[in-house]
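*Asks:* Here it is, the structure in full.
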Ligand code: SMG
Ligand code: MG
């Protein structure tokens with residue numbers, strides 16, 4: 001049981017080493033909410049995976065901040081001694097808002113595990129101490145620039161290249177990358193930019209031996225993905241559409257996907273993420289760990305999750321250098337074999353550097369238990 005005495009929210013901003021463009025927009029900096037909880041025994045950190053605008057999902061930074069301030073934090077304080085496994089039920093009166101909920105659950109779990117001297121990876125049931133990493137490559141200004149970026153990431157050792165695509169910047173780009181690199185694990189992510197009537201694009205992509213096509217259709221859809229999956233050979237992977245273990249079960253039963261991207265923030269936290277992992281494992285469906293350009297806090301959280309047994313494909317768990325010149329935490333460095341170590345210290349196993357955290361902070365608010 002853990003009693004949270006205080007909560008501090010910070011809005012932080014860190015420049016990205018290169019702009020990241022998806023089918024829904026472009027970012028040049030990472031801006032996110034970081035929560036720090038103080039319990040009777042320890043401090044805990046949680047990073048919210050929402051962004052400045054509600055375009056990946058309906059959550060966004062200021063919305064998450066407000067829902068935490070006005071509803072989730074008061075409920076957590078009122079609950080008194082809480083067991084982290086019960087926190088989701090304390091938050092259940094708030095519909096949706098999984099990213100905001102995950103932020104607090106992660107922070108409380110981190111504090112609880114630090115107090116016990118236990119790593120998050122061990123708590124979740126990790127079976128490996130290193131995880132294979134891929135990289136997600138944003139939509140580049142030209143095919144030449146894309147080929148140069150892909151070549152650079154492969155030289156660093158990344159085990160899988162994922163190309164962001166959008167209508168008009170898809171088949172030709174994928175063909176160019178496949179012709180340059182015949183053997184690599186290659187996938188694409190559309191972030192919901194297509195419609196079922198675009199099936200010909202996916203039939204054309206079938207020719208390139210892709211590992212998967214991620215979230216081709218609407219961000220909440222399961223049904224049309226099941227129709228698309230029947231029409232193409234490439235495995236569909238769902239990201240945005242999977243918001244819970246129940247969604248994962250429905251998607252797999254419907255035949256909407258054959259692979260699942262797990263992002264703990266998108267499904268409301270690590271405990272639900274583990275349930276998504278377990279449902280997929282039950283059906284023999286592989287999962288992999290997604291990313292939301294997290295700082296070292298969220299990235300270390302992801303690495304612990306990615307160490308579970310059914311994370312069978314390289315994740316978007318890239319090294320710090322892929323995102324930032326300077327992170328909030330010590331850099332996570334890719335080994336030449338394309339792996340990152342799973343943090344094994346207490347909790348998430350990393351701490352933000354106080355000076356860097358302060359320098360990145362744009363806004364702070366503190367809440368105390370009465
Ligand atoms: O963390 O490397 C990362 C980003 C991976 O492509 C990535 N994430 O849909 O999977 C996805 C996107 C969403 C990012 S939008 C900020
Ligand atoms: Mg995705």
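The values are calculated or read from the model by the stated rules, or taken from the named source; none is laboratory data. Remember, predicted model here, so these are calculated numbers, not experimental data. Here the Cβ positions follow ideal geometry from the backbone for every residue, glycine too, while neighbour counts run over all protein chains shown.
*Asks:* Quick test of your reading of the structure: residue 128 fulfils all but one of (1) in a helix (DSSP H, G or I); (2) surrounded by fewer than 21 Cβ atoms within 10 Å (Cβ to Cβ); (3) away from ligand 1 (no atom under 16 Å from the Cβ). Name the failing condition by number.
*Replies:* For residue 128, the failing item is (1).
*Asks:* Within 16 Å of ligand 2 (Cβ to nearest atom) and either touching a strand residue (DSSP E or B) at 6+ places or on another chain (Cβ under 7 Å) or at pLDDT below 95 (or both) - does that describe any residue in the range 55-71?
*Replies:* Yes, that holds for at least one residue.
*Asks:* Related question: Can you give me the number of residues within the range 153-168 that are within 15 Å of ligand 1 (Cβ to nearest atom) and either exposed (fewer than 14 other Cβ atoms within 10 Å of the Cβ) or farther than 19 Å from residue 133 by Cα (or both)?
*Replies:* The qualifying residues number 2.
*Asks:* With the checklist (1) part of a loop (DSSP other than H, G, I, E, B); (2) within 30 Å of residue 63 (Cα to Cα) in hand, flag the one item residue 107 doesn't pass.
*Replies:* Answer for residue 107: the failing condition is (1).
*Asks:* Quick one: which residue in 246, 280 is more than 16 Å from ligand 1 (Cβ to nearest atom), touching a residue at least 12 places away in the same chain (Cβ under 8 Å) and over 29 Å from residue 328 (Cα atoms)?
*Replies:* Sole residue among the options that is more than 16 Å from ligand 1 (Cβ to nearest atom), touching a residue at least 12 places away in the same chain (Cβ under 8 Å) and over 29 Å from residue 328 (Cα atoms): 280.
*Asks:* Which residues, taken from the range 109-123, are under 17 Å from residue 275 (Cβ atoms) and either surrounded by fewer than 22 Cβ atoms within 10 Å (Cβ to Cβ) or over 21 Å from the mean Cα position of the chain (by Cα) (or both)?
*Replies:* Within the range 109-123, just 123 meets the criteria.
*Asks:* Something else: Within the range 278-293, how many residues are part of a strand (DSSP E or B), within 12 Å of ligand 2 (Cβ to nearest atom) and in contact with a helix residue (DSSP H, G or I) (Cβ under 8 Å, 6 or more places away or on another chain)?
*Replies:* Going through the range 278-293 one residue at a time, the tally reaches 1.
*Asks:* Name the residues in the range 202-216 that are over 19 Å from residue 262 (Cβ atoms) and surrounded by 20 or more Cβ atoms within 10 Å (Cβ to Cβ), would you?
*Replies:* Selection gives 202, 205, 210.
*Asks:* Next question. Taking only the range 56-81 into account, find how many residues are under 22 Å from the mean Cα position of the chain (by Cα) and without any contact (Cβ under 8 Å) to a residue 40 or more places away in the chain.
*Replies:* 8
*Asks:* Scan the range 175-189 residue by residue and report those that are within 16 Å of ligand 2 (Cβ to nearest atom) and either farther than 25 Å from residue 291 by Cβ or touching a helix residue (DSSP H, G or I) at 6+ places or on another chain (Cβ under 9 Å) (or both).
*Replies:* Passing the criteria: 186, 188.
*Asks:* I've got another one for you. Scanning the range 9-41 for residues that are surrounded by fewer than 19 Cβ atoms within 10 Å (Cβ to Cβ) and part of a loop (DSSP other than H, G, I, E, B), which turns out nearest to the chain's Cα centre (by Cα)?
*Replies:* Applying the filter and picking the extreme gives 24.
*Asks:* Let me ask another. In the range 321-336, which residues are within 16 Å of ligand 1 (Cβ to nearest atom) and farther than 17 Å from residue 135 by Cα?
*Replies:* Correct list: 327, 328, 329.
*Asks:* Specify which of the listed residues (299, 275) is under 25 Å from residue 110 (Cα atoms), surrounded by 24 or more Cβ atoms within 10 Å (Cβ to Cβ) and more than 14 Å from ligand 2 (Cβ to nearest atom).
*Replies:* Going through 299, 275 in turn, just one is under 25 Å from residue 110 (Cα atoms), surrounded by 24 or more Cβ atoms within 10 Å (Cβ to Cβ) and more than 14 Å from ligand 2 (Cβ to nearest atom): 299.
*Asks:* Answer yes or no: is there a residue in the range 33-45 that is in contact (Cβ under 8 Å) with a residue 24 or more places away in the chain and within 16 Å of ligand 2 (Cβ to nearest atom).
*Replies:* Looking for residues that are in contact (Cβ under 8 Å) with a residue 24 or more places away in the chain and within 16 Å of ligand 2 (Cβ to nearest atom), one finds none in the range 33-45, hence no.
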